[in-house]
């Protein structure tokens with residue numbers, strides 16, 4: 001069995017994530033495809049994640065791709081969290097995410113909806129959003145009108161208020177191709193129908209080509225292994241392994257938000273290649289065992305929930321030493337923006353904007369060489385370019401806590 005070391009894996013991931021060097025001539029959709037989606041709960045962080053990976057791109061270019069060109073789509077992705085995905089890949093994402101088995105019930109009896117109510121709400125969302133862009137209140141009124149008063153019961157605790165019952169189905173509605181985010185209406189978020197599906201609907205640029213499954217949706221959580229019926233899920237696993245392998249079924253299950261048994265069945269269907277990694281067995285795409293000749297290098301400032309750290313495993317190697325306690329929040333990656341040095345987390349950072357001025361504070365957890373300090377200065381300048389402001393760097397403690 002071929003053995004891969006942690007430095008080799010770090011170098012592979014940096015290169016494939018366009019973090020070893022920014023990609024020249026690519027598009028936001030290209031790098032988001034390689035990232036397996038950009039976490040977008042904090043939109044400024046998503047813009048920075050994407051633009052850092054492209055030469056000369058700014059947040060304005062990312063916004064143009066999302067709201068004008070519509071080459072990116074904002075929707076609910078892995079783990080039910082808000083992501084930016086390539087519009088060209090959305091049908092295969094829907095095909096994959098709609099196959100996820102139902103997880104544990106997040107709400108008690110009297111709050112959660114039945115499977116039948118969930119299906120009714122999803123279909124109502126699909127119908128009322130057809131050709132429209134609605135705010136959350138407008139969407140709620142339309143859904144309750146189409147289903148019944150039960151959908152509007154204020155039973156979901158959320159941010160010191162109560163949300164109506166139907167909102168627990170929003171991520172499921174996105175996973176079944178019923179909604180995506182629409183352009184903002186002033187300060188208000190809107191929702192709309194997904195863009196028309198291109199043909200063929202296979203994830204673009206995959207290492208191994210696959211036939212694409214349609215956006216048919218599978219609320220029953222069908223177990224993988226049925227030939228062409230799992231194309232979307234298998235293709236998503238292959239893209240994940242291309243970007244973040246070697247990986248295990250457990251790691252993939254944690255990333256996508258699915259039971260481990262389901263992920264194990266998907267690995268069997270995909271037929272990846274086992275390799276030896278850190279004293280155990282992990283998997284890569286068949287034949288995909290090469291690593292860059294050079295050691296992992298470079299200094300990067302990654303924002304909240306950057307895909308490199310959220311999907312990167314094992315945590316104890318990605319967050320060595322003091323980084324494990326300083327840059328993780330209860331074991332959760334992404335809650336702190338991180339200083340990345342040679343492929344591993346070596347500090348945290350924070351940026352605060354005041355007009356055109358951007359105050360950047362970097363707390364390094366180990367001494368930086370003169371060359372690394374020079375790279376950090378370059379990286380701060382790049383952050384300022386992306387965010388269209390004038391950056392000022394301070395080296396010292398970051399006093400801001402983790403993002404929820």
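Since every read-out is calculated from the coordinates, none of them should be taken as a lab result. Quantities reported herein were computed from a predicted structural model and do not represent experimental measurements. Don't worry about glycine lacking a Cβ; one is built from the backbone with ideal geometry, like all the others, and counts go over all protein chains shown.
If R0 is 60 Å, what FRET efficiency do you get for residue 264 and residue 392 from their C-beta distance, rounded to 0.05? Computed FRET efficiency for residue 264 and residue 392: 0.75. Remind me, relative contact order of the chain in percent, using alpha carbon pairs under 8 angstrom and six or more residues apart? The normalised contact order for the chain reaches 18 percent.
The length gained on full extension between residue 354 and residue 160, counted as 0.36 nm times the residue separation minus their Cα-Cα distance, comes to 67.0 nm. Helix 115-128 and the longest principal axis of the Cα set of the chain meet at an angle near 90°. Considering only 351, 17, 160, give the residue with the highest GNM mean-square fluctuation for the chain, with springs between Cα atoms whenever their separation is below 10 Å. Checking each option, the largest mean-square fluctuation is seen for 160. Rounded to the nearest 500, the 222 nm mean residue ellipticity of the chain from helices alone is -9500 deg cm²/dmol, with -39,500 (n - 2.57) taken per DSSP H run of at least 4 residues.
Among 37, 297, 243, the largest mean-square fluctuation in a Gaussian network model of the chain (Cα springs under 10 Å) belongs to 297.
Relative to the dominant Cα principal axis of the chain, helix 136-147 is inclined by about 30°. Take the Cβ atoms of residue 112 and residue 370, set R0 to 45 Å, and the FRET efficiency comes out at 0.20. For the stretch 299-395, the share of DSSP beta bridges that are antiparallel, to the nearest 5, is 75%. What shape does the stretch 299-395 take by its C-alpha gyration tensor, where a ≥ b ≥ c are the square roots of the eigenvalues and a/c under 1.5 counts as rounded, a/b above b/c as prolate, and the rest as oblate? Because a/c hits 1.5 or more and a/b exceeds b/c, the stretch 299-395 counts as prolate.
Take the Cα of residue 79, go 7 Å toward its beta carbon, and the backbone nitrogen atoms of the stretch 255-287 under 20 Å from that spot belong to 255-264. One chain, two ends: residue 188 and residue 324. Fully extended at 0.36 nm per residue, the span grows by 45.2 nm beyond their Cα-Cα distance.
Full extension of the chain segment joining residue 385 with residue 295 gains 29.6 nm, where the gain is 0.36 nm per residue of separation less the Cα-Cα distance. For the pair residue 69 and residue 403, a Förster radius of 45 Å applied to the C-beta separation gives a FRET efficiency near 0.95, rounded to the nearest 0.05. Computed from Cα atoms, the angle from the helix 260-270 axis to the main principal axis of the chain rounds to 80 degrees.
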